[in-house]
1. So which residues in segment 359-375 are out of contact with any helix residue (DSSP H, G or I) (no Cβ under 7 Å at 6 or more places or on another chain) and not charged (D, E, K, R), if there are any at all?
2. For the structure I just gave you, tell me whether Val435 is β-branched (Val, Ile, Thr), at pLDDT 50 or above and either in contact with a strand residue (DSSP E or B) (Cβ under 8 Å, 6 or more places away or on another chain) or assigned by TED's automatic domain parsing to the domain that holds Ala139 (or both).
3. I need the full set of residues from segment 205-237 which are over 26 Å from Pro153 (Cα atoms) and at pLDDT 90 or above, in order please.
4. Consider Asp205 carefully, then state whether it is among the charged types (D, E, K, R) and under 18 Å from Gly70 (Cβ atoms).
5. I'd like to verify a number: residues in segment 48-91 that are within 14 Å of Ala224 (Cα to Cα), crowded, with 17+ Cβ neighbours inside 10 Å and of a type in the set (Val, Ile, Thr), how many?
6. Just one of (1) within 16 Å of the ligand (Cβ to nearest atom); (2) in contact (Cβ under 8 Å) with a residue 24 or more places away in the chain trips up His140, so point out which.
7. Has segment 16-32 got any residue that is modelled with pLDDT under 95, in a loop (DSSP other than H, G, I, E, B) and more than 16 Å from the ligand (Cβ to nearest atom)?
8. List every residue pair whose Cβ atoms sit under 8 Å apart, with the two residues 6 or more apart in sequence or on different chains, where the first one lies in segment 10-26 and is within 9 Å of Asn164 (Cα to Cα) and the second, anywhere, is acidic (Asp, Glu) and surrounded by 12 or more Cβ atoms within 10 Å (Cβ to Cβ).
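The values are calculated or read from the model by the stated rules, or taken from the named source; none is laboratory data. In this text the structure is predicted, and so the values were computed from the model without any measurement. Cβ placement follows ideal geometry from the backbone for every residue including glycine, while neighbour counts extend to all protein chains displayed.
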Amino acid sequence: MRVFMLILFTVWGIYILLPYLYSRVVPWLSSKFRRNKRNANMNHSPMHSPRIVRSLPRGRDNVALTFDDGPDPIYTPMLLDLLAVYHIRATFFVVGERALKQPELIQRMAEEGHEIGVHNYQHWSNWLLPPWSTSRQIAHTATIIHERTGKWPIHYRPPWGLLNIFDIFRSHVQYVLWSVMVNDWRARASTVDTIQRRLSQQVVDGAIVLLHDCGRTIGARRNAPMFMLQALSEWLKNSKDKWSFVTVQEGLAAADELEDSKRVVYTHATHTRATPSNNAASLQHRIHTLLASLWLAWDRAVLRLLRIQPVHPQHPFLQVRIRAYTGKHTLHLNDGTVVQQGDHIAEIHLNNRMIYTIGQSSPSIMQMMVTLLRLFQPALSQLAAYLRRHPMGAQVKAVYGISLLHQPAERFGFTVLDVHNLLFSRISSWYLRFVLRLLRPGAVQQRHQPDRRSEPNRLRRENGARNSRKPASSPQDRRADERWKPKIIVISTSKLYRMYPVDSSDAG
Ligand SMILES: [Zn+2]
């Protein structure tokens, strides 16, 4: 039990600690780089915004006011009025479930030129959320914003600015943190005076200021926005001419000369895959490569530990180990074969190193799949030859694997079955998605994309399901989830031998 807790804490530590460091180092490096670039007079070359920003580029006296946790039925309209008085455009990081309840405020924000970003569907920390849940939180909120405004949000701010390790791999998401925090939500620390004083002292050229227009989150004072509004109003009286107030998008686009319409929180997937064009991107690339090599080292260790061997020394695409089937559920195959607990099976694994290399050199996920499938067919005949040769081969009843590629597997004669153990299914789904993202960042989202953009929005509106929507998955979600759910693929040895008869090259 103690060991289990230790492992649990270690895993959780990695889950939160690495991204915590990452979210601090990357923005720092990129802001440093931006400055160097300016000095080197290289402003003209288009460059990508780094994926995590804490501040805007300096030199234009730009300041971005950002408001989290809303919309709030009482304070948000007051804030919008105040901003309108000074003709200030700001950025709102809204909580999806609150946006759903206040659609008219979301509309008003958009109409008055403010930027709307995502702050999760519920105000939960990504440190406590599993990766699939974070994806849903972002997607649902993005969809709500799109439905109200016709625009997809570009920026995402995780609650409390905390990322988990999987957030780093969300290549389609632009994270916006902050450089100025005045503790406006706190019960004790925030009086009108202290907030105003901190704003005056801390706001500098390029600042992204964190404020809150809703006090309903854990740790916040319910009426805190009242103090914030008064302090902001006072501060603006003196500083409205000192700074040029911009939305985050405007502040970043000004420096990047980048077509922002292309960068969208949920639907944008391939953009950041382009060759790393600045330090932050190349650091990201290096971290990515480091993680990939750690994963491959771990993979190699597992292969050795479990004595998984390639089916052919020269063609190691398919790897195998012969073991007894331990599953509680009896497997019923299409050809009538039944595999029960204790029967011998050949468990297959694809060679991850080869897949990684193919993934790196393929221009698209489809291309990668095509290459993989081309390798699969000859590998199966090598597997047949391997089993014929193997001393235990005669006892092996079936070939067994867990795979995301179950649709193509069916074409190769495999029976596709559901994974019964839910926990195992979750963990392997998680792992396989992680691997897929490591191979081709954004691949999972790319496949989701058409579903998100067109049909569901229209359908939901027609159903009049406006205000009753929960973060439950839509039919489209479920179909896409099904596609990415790992399944058992299994083929009886007799069928395998029939489909892949003795090859002359293997006969000797
Ligand atoms: Zn928040």
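1. Initial filter on segment 359-375 (out of contact with any helix residue (DSSP H, G or I) (no Cβ under 7 Å at 6 or more places or on another chain)): 360-361, 363-364, 366-367, 369-370, 374-375.
Hits for segment 359-375 are Gln360, Ser361, Pro363, Ser364, Met366, Gln367, Met369, Val370, Leu375.
2. Values: β-branched (Val, Ile, Thr): yes; at pLDDT 50 or above: yes; either in contact with a strand residue (DSSP E or B) (Cβ under 8 Å, 6 or more places away or on another chain) or assigned by TED's automatic domain parsing to the domain that holds Ala139 (or both): no.
No.
3. Just the residues of segment 205-237 that are over 26 Å from Pro153 (Cα atoms), to begin with: 219, 221-224, 226-227, 230-231, 233-237.
Those that are over 26 Å from Pro153 (Cα atoms) and at pLDDT 90 or above: Ala224, Met226, Phe227, Gln230, Ala231, Ser233, Glu234, Trp235, Leu236, Lys237.
4. Values: among the charged types (D, E, K, R): yes; under 18 Å from Gly70 (Cβ atoms): no.
Considered against the rule, which asks whether it is among the charged types (D, E, K, R) and under 18 Å from Gly70 (Cβ atoms), Asp205 comes out as no.
5. Here the count works out to 1.
6. (1)
7. Let us first name the residues in segment 16-32 that are modelled with pLDDT under 95, namely 16-32.
Keeping just the survivors that are in a loop (DSSP other than H, G, I, E, B) gives none.
No, that holds for no residue.
8. What qualifies is Pro19/Asp167.
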